[in-house]
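Structure, as structure tokens:
The values are calculated or read from the model by the stated rules, or taken from the named source; none is laboratory data. What you are looking at is a predicted structure, and each value in this text was computed from that prediction instead of being measured. Virtual Cβ from ideal backbone geometry, glycine too; neighbours counted across all protein chains shown.
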Amino acid sequence: MNENLQIQFLGGAETVTGSKILITYQGKRILIDCGLFQGVKKLRLLNWKAFPIPPESIDAILLTHAHLDHCGYIPVLVKNGFKGEIHCTYPTVDLAEIILKDSGKIQEEEAERANLYGYTRHKPAKPLYTIKDALRSMPLFIPHNYKEWVILGGDMKFCLRNSGHILGAAMIELKVGKKKLIFSGDIGREKNLLLHHRSAIKTADLVVMESTYGDRFHPTASSKEELRAIIQATYRKKGILFIPTFAVERAQELLFLLAELKASHEIPNLPIYLDSPMGVDATRVILKNSEWHKLDEPSALALSNVGHLISDAATSRKIVADKAPKIVLAGSGMITGGRILHYLNNHIQSPRNTILLVGFQAEGTRGRSLLEGATELKFFGQYHQVGAEVQVIHSLSAHADQRELLTWLRHFESPPKQLLLNHGELHQANALRVKIEHELGWNVQIATTDKVFTL
Ligand SMILES: [Zn+2]
């Protein structure tokens, strides 16, 4: 038996998706995050590869937060024999259930489509997992509060600390014998609209830190001011403002800003709709977990009351058909699917309308095409002329930029013995590595999947 503490990256290294870190110590195996690979096909195919160790040999999963690239592989692991506990915060359990169910649905629909159009090598094509598989994973989840120490056995214990990224998102402090390990998960902004300030860590033997925006700086423009200007401009055209949005966090941030703008009469009194069953559920999770964000009760209520929350398809169809000026928030955030397509199907041609992009738009998505000035967009089997104006707000992001990542590191009173950068494309991780070496003089390594790190 190897007595060394071993750290192995099974995903989320040199890429931003598929986060999985395997910790092995005195025969115990702990997995930090269990994310799905997303994006280009080469990455997505990794989800179908056999897991490198028997899933039943993993003792527990510690989950930083509910985003799919951190929790989306859990149903596969459970389907294949994992029976341990999954530890995370209370809101993460609520959000993971919403996100995993939706992911199961998307996997089922993809398999159906593959069978319909015959683009599958497996006959019939099977989903990676189903809604049922997702639901079967939920009884394994054990919720915790921030700062609560949990004994894992085998001389290991852990504690979750606020990472300020999305509701309930955590950094993991893992103590193994006398060693202290920090896994940053996704690190949030210095100032977040809805969340309490992220935790500062002062000491550690090993830090694994994300580097998503390791080479970038977020614009400092006020997102509220930008949103106000775009709403007013669309109103002057008597048009509809469509905001394709991620259902978790971004939708609620937008509702929060809209509630503030409406309360101070800075925007006209237009009807606002959040047309997204998942977004509606995520908004309810915010209301339920009042101590996990910084909104007081009136602000939280204003956020949930500023617009009509639409889940059912019949109401959605009515709003889709209506041409009157309004603001519509609908999924998906990168226009890869979801109800936003029905709106665009009816309204994308008209120059009176505006499409506002508010989040990261991955390569190959319709959102990215619009961002790059596409004059037509293909969906529902045909091309649609883009007559609507396209606007972008870059200042909303759930990830710290390079400067904010460095600020987080500056809280350390002494350099960690090892600092590993994960969760970033190689050029992002490298840019951050060089910056840390230059600014702090620390020794930095980039996490890779082909190497076992020891401590
Ligand atoms: Zn995340």
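The C-beta contact set for the range 181-196 (first residue within 11 Å of the ligand (Cβ to nearest atom), second residue β-branched (Val, Ile, Thr), distance under 6 angstrom, 6+ apart or interchain) comprises GLY185/THR64.
When you go through PRO52, PRO91 one by one, which is the residue that is away from the ligand (no atom under 16 Å from the Cβ) and either at negative phi or surrounded by fewer than 23 Cβ atoms within 10 Å (Cβ to Cβ) (or both)? Break it down stepwise before answering.
Working: PRO91 fails: away from the ligand (no atom under 16 Å from the Cβ).
None of the others qualify; the one that does is PRO52.
This table checks each residue for (1) within 16 Å of the ligand (Cβ to nearest atom); (2) surrounded by 17 or more Cβ atoms within 10 Å (Cβ to Cβ); (3) part of a helix (DSSP H, G or I).
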site: SER369; (1), (2), (3): no, yes, yes
site: LEU377; (1), (2), (3): no, yes, no
site: GLU437; (1), (2), (3): no, no, yes
site: GLN445; (1), (2), (3): no, no, no
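Residue pairs whose Cβ atoms lie under 6 Å apart, separated by 6 or more positions or on different chains, with the first residue in the range 120-138 and over 22 Å from HIS87 (Cα atoms) and exposed (fewer than 14 other Cβ atoms within 10 Å of the Cβ) and the second polar (S, T, N, Q) and at pLDDT below 95, are PRO124/ASN115.
Using the structure shown, decide if LYS178 is surrounded by fewer than 24 Cβ atoms within 10 Å (Cβ to Cβ), within 21 Å of ILE30 (Cα to Cα) and modelled with pLDDT under 95. Answer is yes for this residue.
Considering only the range 380-406, state which residues are away from the ligand (no atom under 16 Å from the Cβ), at negative phi and part of a loop (DSSP other than H, G, I, E, B). Talk me through it step by step, then tell me what you get.
Going residue by residue through the range 380-406, those that are away from the ligand (no atom under 16 Å from the Cβ) are 380-395, 402-403, 406.
If we keep only those that are at negative phi as well, we get 382-395, 402-403, 406.
Within the range 380-406, VAL386, GLY387, ALA388, ILE393, HIS394, SER395 meet the criteria.
Apart from one condition, GLU413 fits all of (1) touching a Ser or Thr at 6+ places or on another chain (Cβ under 7 Å); (2) farther than 22 Å from ILE230 by Cα; (3) assigned by TED's automatic domain parsing to the domain that holds ARG236; the exception is (3).
Going through (1) surrounded by fewer than 23 Cβ atoms within 10 Å (Cβ to Cβ); (2) more than 16 Å from the ligand (Cβ to nearest atom) one by one, PHE82 falls short only on (1). More than 16 Å from the ligand (Cβ to nearest atom), part of a helix (DSSP H, G or I), modelled with pLDDT under 95 and not polar (S, T, N, Q) - does that describe any residue in the range 34-42? There is at least one residue in the range 34-42 that is more than 16 Å from the ligand (Cβ to nearest atom), part of a helix (DSSP H, G or I), modelled with pLDDT under 95 and not polar (S, T, N, Q). Filtering the range 139-154 to residues that are exposed (fewer than 14 other Cβ atoms within 10 Å of the Cβ) and more than 25 Å from the chain's Cα centre (by Cα) leaves TRP149, ILE151, GLY153. If the condition is being touching a residue at least 40 places away in the same chain (Cβ under 8 Å) and on the phi < 0 side of the Ramachandran plot, then the range 139-157 contributes LEU140, PHE141, ILE142, PRO143, HIS144, ASN145, TYR146, VAL150, LEU152, MET156.
Can you tell me which of ALA321, ALA282, ALA313, ALA302 is closer than 29 Å to GLU389 by Cβ and without any contact (Cβ under 8 Å) to a residue 24 or more places away in the chain? Give the steps one after another, and end with the answer.
Numbers: ALA321 fails: without any contact (Cβ under 8 Å) to a residue 24 or more places away in the chain; ALA282 fails: without any contact (Cβ under 8 Å) to a residue 24 or more places away in the chain; ALA302 fails: without any contact (Cβ under 8 Å) to a residue 24 or more places away in the chain.
Only one candidate qualifies: ALA313.
On the given criteria, is LEU420 within 22 Å of the chain's Cα centre (by Cα), closer than 21 Å to THR203 by Cβ, surrounded by fewer than 21 Cβ atoms within 10 Å (Cβ to Cβ) and not hydroxyl-bearing (Ser, Thr, Tyr)?
no
State yes or no: is ASP69 farther than 26 Å from TRP292 by Cα, buried (at least 18 other Cβ atoms within 10 Å of the Cβ) and out of contact with any helix residue (DSSP H, G or I) (no Cβ under 7 Å at 6 or more places or on another chain)? So that I can check it myself, show each step before the final result.
On the way: farther than 26 Å from TRP292 by Cα: no; buried (at least 18 other Cβ atoms within 10 Å of the Cβ): yes; out of contact with any helix residue (DSSP H, G or I) (no Cβ under 7 Å at 6 or more places or on another chain): yes.
For ASP69, the condition - farther than 26 Å from TRP292 by Cα, buried (at least 18 other Cβ atoms within 10 Å of the Cβ) and out of contact with any helix residue (DSSP H, G or I) (no Cβ under 7 Å at 6 or more places or on another chain) - is not met.
Taking the criterion of being surrounded by 23 or more Cβ atoms within 10 Å (Cβ to Cβ), touching a residue at least 40 places away in the same chain (Cβ under 8 Å) and within 16 Å of the ligand (Cβ to nearest atom), the residues of the range 158-175 that qualify are LEU160, SER163, HIS165, ILE166, LEU167, GLY168, ALA169, ALA170, MET171, ILE172.
Assessment of the range 200-213 against the conditions (charged (D, E, K, R) and touching a His at 6+ places or on another chain (Cβ under 8 Å)) yields at least one matching residue. Is it true that some residue in the range 414-432 is basic (Lys, Arg) and not in a loop (DSSP other than H, G, I, E, B)? Among the residues of the range 414-432, not one is basic (Lys, Arg) and not in a loop (DSSP other than H, G, I, E, B), which makes the answer no.
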